[in-house]
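Please treat every number below as a calculation from the coordinates, not as lab data. Just so it is clear, the structure is predicted and the values come from calculations on it, not from any experiment. Note that each Cβ is placed from the backbone with ideal geometry, even for glycine, and that neighbours are counted across all protein chains shown.
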Amino acid sequence: MRILQVASALQDWGGIERYVLYLCDGLSARGHRVHASVPKASPLDTRLRCRKHPITLKRQFSPLTLTPYLRLFKKIHYDVVHTHFSPDFVMPALAARLTRQPYVIMTRHVALPWKPSQVRRYTKLYDHIICVSDATKRHLIESKVPDRMLTVAKAGCPSLRPEKLREPVRAMMGIARGDFAIGVFGRLVKEKGVETMIAAHAHLPANVRIEIFGQGPQREELELLAAQAGAERVRFHGFVEGIDDCMNAMDCVAIPSTWEEAFPFAALEALSLGKPLIVSNVGGLPELVQHKRTGLLFEKGNAEELAKCVRHLQEIPNLKEAIQDAAKRAHRSDYTVDAMASRIEEVYTSRPGARRR
C-alpha cells in the first residue's frame, strides 16, 4: 500500500509525534510505501526515515492550506490518507475527498467527547476512526459517532535501551543505596496531577525519592508547592532528551494524571523496562495497567492511596518482582512497534478491495 501519514500540524515533540514516527517505521518494515507530510525542520521531520513532503498547517479552517494537499494528491494517489492532530482534521481530509483518495481515516489520540458539530463534520469527511484506547472509543460513542466507524488499535513503542549502568546513574542523581526512587515523566501541566505525587511525599518513608522529569508552564508552581510542603526529597530535572537511562534508574514510574489519559507513551516505555507502574484509575490507564499484575492503580487525586501503593512495592519484594516480569512480557507481546503497525494495518486492509502491500 501507498500510505500518507498527515502530520503537517505537528511542530513539537510529544506523544502524537512519537506515535506517527513509530507507525511510519512499523508500516515501512511491513513492506508498505509510507510518506508523511510534515513541517520542514520540525522535531518529527528530523527523525522520520520515510519519504517526506514539507507542508505546514497551523489553523484547521484556513482555505490556503487546501492548496498544497490538492497539489500533492493530484500528483500521488494514496491507498490510505491518515490524519492525527485536530488542526489537520479538515483541509487535508477535504483535499483527499476532492481528489478521490479511496480511504481517509484519523486517529483520535485523546479520551474526550466531541461536540455535535464535530461529529457531523468528521463523520462526513472520514471513512473510519482509530481510537487509541477503549476509553477514547467510549467518549466517541457517547458523542453519537456510529460504532461501525470506530476501531480500537492501541499504540506501541520501541523498547528503551539504557546506555549506562543503573547504579552510576542513580549515584549521579544523588540517589543513595537503599533509597526508593519514583520517576514522574511528562509535561508539567495541571492535568498531569504532579501535585498529588508531591502531596504523597508526606505519607512516605524518609528513603523515598520523587524524581520529576519534564518541563512545562506549571514547573514554577510545582517547585513552590514542594518547597512549602517541605518536600526536600522531590527534585525537578527539567526536559531530558533521552529518558532511557533516567527511567531505568527508577524503582517505579508514577502517572498521577487527573484527566482522562488516553494511552500515554510513558507507561508503554516503563513496561518495556519492566518498571512497576503506579497510575491513576482514569481514561485508558486501567486498560494498560492491571492492578497488582503490571502495576498498581489508585483513585485520581488521592495522595494517601498513591503513597500506599508505593509502600506496597517497598514492603512486598515478591510483588515488585512479579510486576516487573509481567510488565516486560506485556510489552513484548502487545506493545511493540510491530504489534502497533499490525493492528493499524488491519484497519487499513479491512475495507473492501484493500490490498495488503
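Once you wrap a convex hull around the alpha carbon atoms of the chain, what is its projected area averaged over all directions, in nm²?
Convex hull of Cα atoms, orientation-averaged projection: 17.7 nm².
Counting helices only, and only those DSSP H runs with n ≥ 4, report the 222 nm mean residue ellipticity of the chain as the sum of -39,500 (n - 2.57) divided by its residues, in deg cm²/dmol to the nearest 500. It would help to have the intermediate numbers written out before the result.
Numbers: 15 runs with 144 residues, N = 357.
The helix-only estimate for the chain comes to -11500 deg cm²/dmol at 222 nm.
At a 10 Å Cβ-Cβ cut-off, how would you order Val132, Val194, Val189, fewest neighbours first?
Ranking Val132, Val194, Val189 by Cβ neighbours within 10 Å, fewest first, gives Val189, Val132, Val194.
Divide, for segment 64-117, the radius of gyration over alpha carbons by 2.2 N^0.38 Å, where N is the residue count.
This ratio for segment 64-117 stands at 1.20.
Keeping to pairs on different chains or 8 or more places apart, tell me how many lysine pairs in segment 166-334 have Cα atoms under 13 Å apart.
Details: Lys190/Lys300; Lys192/Lys300; Lys275/Lys292; Lys275/Lys320; Lys275/Lys328; Lys292/Lys308; Lys292/Lys320; Lys320/Lys328.
Pairs that pass both the separation and distance tests number 8.
Along its three principal axes, how long is segment 166-334 when you only count alpha carbons? Whole Å, largest extent first please.
Answer, in whole Å and largest first: 42, 36, 31 Å.
Do any GluC sites (Glu not before Pro) in segment 225-311 lie in a DSSP loop with no more than 15 other beta carbon atoms within 10 Å, and if so, which?
Passing both the DSSP loop test and the Cβ count: Glu232, Glu241, Glu299.
Picking from Val194, Trp114, Met172, whose Cα lies most toward the positive end of the charge dipole for segment 90-217 (charges on Cβ: Lys, Arg +1; Asp, Glu -1)?
Value: Trp114.
For segment 174-222 and segment 9-71, what is the separation of their C-alpha centers, rounded to whole Å?
Comparing the Cα centres of segment 174-222 and segment 9-71, I get a distance of 33 Å.
Would segment 6-128 count as rounded, prolate or oblate if I go by the C-alpha gyration tensor, calling it rounded below 1.5 in a/c and otherwise prolate when a/b exceeds b/c, oblate otherwise?
Rounded is the answer for segment 6-128, as its axis ratio a/c remains below 1.5.
If the reach is capped at under 18 angstrom between alpha carbons, list the aspartates and glutamates near Lys74, excluding any in the same chain fewer than eight residues apart.
none
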